[in-house]
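Q: One structure follows; several queries about it will come next.
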Amino acid sequence: MAKYVGVLTAGGDSPGLNAALRGLGKSAIGLYGMQVIGFREGFRGLMQNRTVMLDEAALSGILTKGGTILGTSRDKPNAMAVGGKVLDMTNMIVETYRRHHLDVLICLGGGGTQKNAYHLAKQGLNVITLPKTIDNDVAMTDTTFGFDTALGIATEAIDRLHSTAHSHHRIIVCEVMGHRAGWLALGAGVAGGADVILIPEIPYDVKKVAEAITRRSRGDKRFSIVAVAEGALSRQEAAERRKADEERKAEKERKAEKGGKKEKRKKDGKPPKRSAESDSERPTGHALTLAEQLEELTGLESRVTILGHLQRGGTPSAADRFLATRLGTACAQLIQEGHYGVMVAARGDGTEPVPLEEVVGKRKTVPEDHPWLESARAVGTNLGD
Ligand code: F6P
């Protein structure tokens, strides 16, 4: 019997989402005769039963399009803002799933989406996820689609900043996305030849950064490019963050012990607190303070470029289209085999289903002995430590 497949895109959008929808949909329909239905704007559209039929026509001509034809949102099934309150909408989502007689729900998203999908799996829904995010920080997969495109955009930006920084003998601080993982800043910094790279995994000492810039300027390099991840922290900020995280964890454990409290807060309708895992937990713009500090410490004029959502927009790279297609078609095969409760991970040239419980609650950050860091140090890049 033909299978009924529901699909949604959730979390921040990412180049390659449409390529993945196309890969999944075309192979599900063409190879296996399945019916594919899309839900608009992530888990919110699933809760509200807002659908779009993903037939051959809908899936045609979208391979090269940025964004997602389904729309997306950061809504969570168990804590959704509805009518000014934050409510657990899991039951309504399960109802939509049953109403459409779905055999499986496919969720395309980053770390938060893996967690939300797992939550639904625990309610008895068949789910499969695909890993997307420009941050490349989803655990248990070699890489995520969106990352390669963003890497290209950020690298080109750093390339372009070189000539203007050189002409004016300035420091240019370029802020790259990534709150808790520095893959994008590190990759673009190495590929673009940044002189300083600051990432969340390596708390920095601003004096050491200033010293490195001053050393360059005493030679014949009177300009410097600093690639900084939006979540990079000074040593002092990192210590404060650790303390806050520990307090939050202890508070969570206390609440869990008391039981039922959290649910009560949601029903009271108070806005949800940003969790430690939220992608947007600190506004961008940290680079502004850093640039001011560097100007003061070095005496060199400084400027700031914040790349922001430019890194998420536009046409996906060839590598991202290829990866997304590979993961999407592998997903269709897993549906055919009835292999549910997994994320389709990228593994070497192929793919691998990884049980969701091995993915959720983890984040892939840059390990301190990663070869990209070694390469950066080897060419004399300052990493703020
Ligand atoms: O998670 C992907 C990401 O692009 C992060 O790099 C960035 O910090 C965040 O999303 C921005 O989120 P928003 O779309 O809510 O502005």
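The values are calculated or read from the model by the stated rules, or taken from the named source; none is laboratory data. None of the values given here were measured: they were computed from a predicted structure. Glycine also receives a Cβ, built like all others from the backbone with ideal geometry; neighbour counts cover every protein chain displayed. Side chains included, ligands, DNA and RNA excluded: accessible areas come from the protein's heavy atoms. Shrake-Rupley method; radii C 1.70, N 1.55, O 1.52, S 1.80 Å.
Q: Once you compute Rg and the Kirkwood Rh from C-alpha atoms, what is the Rg to Rh ratio for the chain?
A: The Rg/Rh ratio comes out at 1.01.
Q: Counting only the backbone N, which residues of the range 290-324 are under 18 Å from the spot 7 Å out from the Cα of GLN236 toward its beta-carbon?
A: Within reach of a label on GLN236: 290-298.
Q: So how far apart, in nm, are the two label points at GLN123 and GLU156 if each is 7 Å from Cα heading toward Cβ?
A: 4.1
Q: So how much slack lies between ASP349 and THR64, counting 0.36 nm per residue of separation and subtracting their Cα-Cα distance, in nm?
A: Here the answer is 100.5 nm.
Q: Just report the Cα centroid separation between the range 110-179 and the range 361-380, whole Å.
A: 15
Q: Ranked by accessible surface with a 1.4 Å probe, highest first, in what order do VAL379, VAL127 come?
A: From most exposed to least exposed: VAL379, VAL127.
Q: In straight Cα distance, which aspartates and glutamates are under 14 Å from LYS115, not counting same-chain residues fewer than 8 positions off?
A: In chain and number order, the partners are ASP75, ASP137, GLU277, ASP279, GLU357, GLU358.
Q: Any of LYS85/LYS258; LYS221/LYS243; LYS132/LYS208; LYS3/LYS85 with alpha carbons more than 31 Å apart? Name them for me.
A: Too far apart for the 31 Å limit: LYS221/LYS243; LYS132/LYS208; LYS3/LYS85.
Q: Taking amide H positions as placed 1.01 Å from N in the peptide plane, with prolines and chain starts having none, which residues 5 or more places from ILE37, or on another chain, fall under 5 Å of its amide H?
A: VAL5, GLY6, VAL7, LEU54
Q: Can you tell me what the convex hull of the Cα atoms of the range 129-224 projects to on average, as an area in nm²?
A: 6.5
Q: Taking springs between alpha-carbon atoms closer than 10 angstrom, which of GLY111, GLY178, GLY30 fluctuates most in the Gaussian network model of the chain?
A: GLY30
Q: Taking 7 Å along the Cα-to-C-beta vector as the label spot, tell me the GLU357-HIS169 distance in nanometres, rounded to one decimal.
A: Taking the two extended label points, one gets 6.4 nm.
Q: While we're here: For the chain, what is the accessible area per residue in Å² when the probe is 1.4 Å?
A: Value returned for the chain: 45 Å² of accessible area per residue.
Q: Okay, next question. Would you please give the FRET efficiency between ALA57 and GLN333, computed as 1/(1 + (r/R0)^6) with r the Cβ-Cβ distance and R0 = 30 Å, to the nearest 0.05?
A: Step by step, r from the Cβ atoms, then E = 0.80.
Q: Further question on the same structure: At 0.36 nm per residue, minus the direct Cα-Cα distance, what do ALA256 and GLU368 gain on full extension? Give it in nm, one decimal, please.
A: Extra length from ALA256 to GLU368 when fully extended: 37.0 nm.
Q: Give the calculated FRET efficiency between GLU246 and ASN91 to the nearest 0.05, with a Förster radius of 35 Å applied to their Cβ-Cβ distance.
A: 0.55
Q: Give me the accessible area of ARG377, 1.4 Å probe, in Å² rounded to the nearest 10.
A: Rounded to the nearest 10, the figure is 110 Å².
Q: For the chain, give the percent of accessible area contributed by carbon and sulfur heavy atoms, probe 1.4 Å, rounded to a whole number.
A: That share works out to 50 percent.
Q: So how much accessible area does THR351 have, in Å² to the nearest 10, using a 1.4 Å probe?
A: 60
Q: Okay, helix-only estimate at 222 nm for the chain: each DSSP H run of n ≥ 4 adds -39500 (n - 2.57), divide by all residues, round to 500 deg cm²/dmol; what do you get?
A: Computed ellipticity for the chain at 222 nm equals -13500 deg cm²/dmol.
Q: Rounded, prolate or oblate: pick one for the range 76-115, where a ≥ b ≥ c are the square roots of the eigenvalues of its C-alpha gyration tensor, a/c under 1.5 means rounded, and failing that, prolate if a/b is larger than b/c, else oblate.
A: It is oblate, given that a/c is not under 1.5 and a/b is not larger than b/c.
Q: Tabulate in residue order the Karplus-calculated ³J(HN,Hα) for the range 338-344, using 6.51 cos²θ - 1.76 cosθ + 1.60 with θ = phi - 60°, rounded to whole Hz; enter x for Gly and Pro.
A: Whole-Hz 3J(HN,Hα) from phi for the range 338-344: x, 9, 10, x, 10, 9, 7.
Q: Order of 212-218, 153-159 by packing, highest average Cβ count within 10 Å first?
A: Ranked from most to least packed, the peptides come out as 153-159, 212-218.
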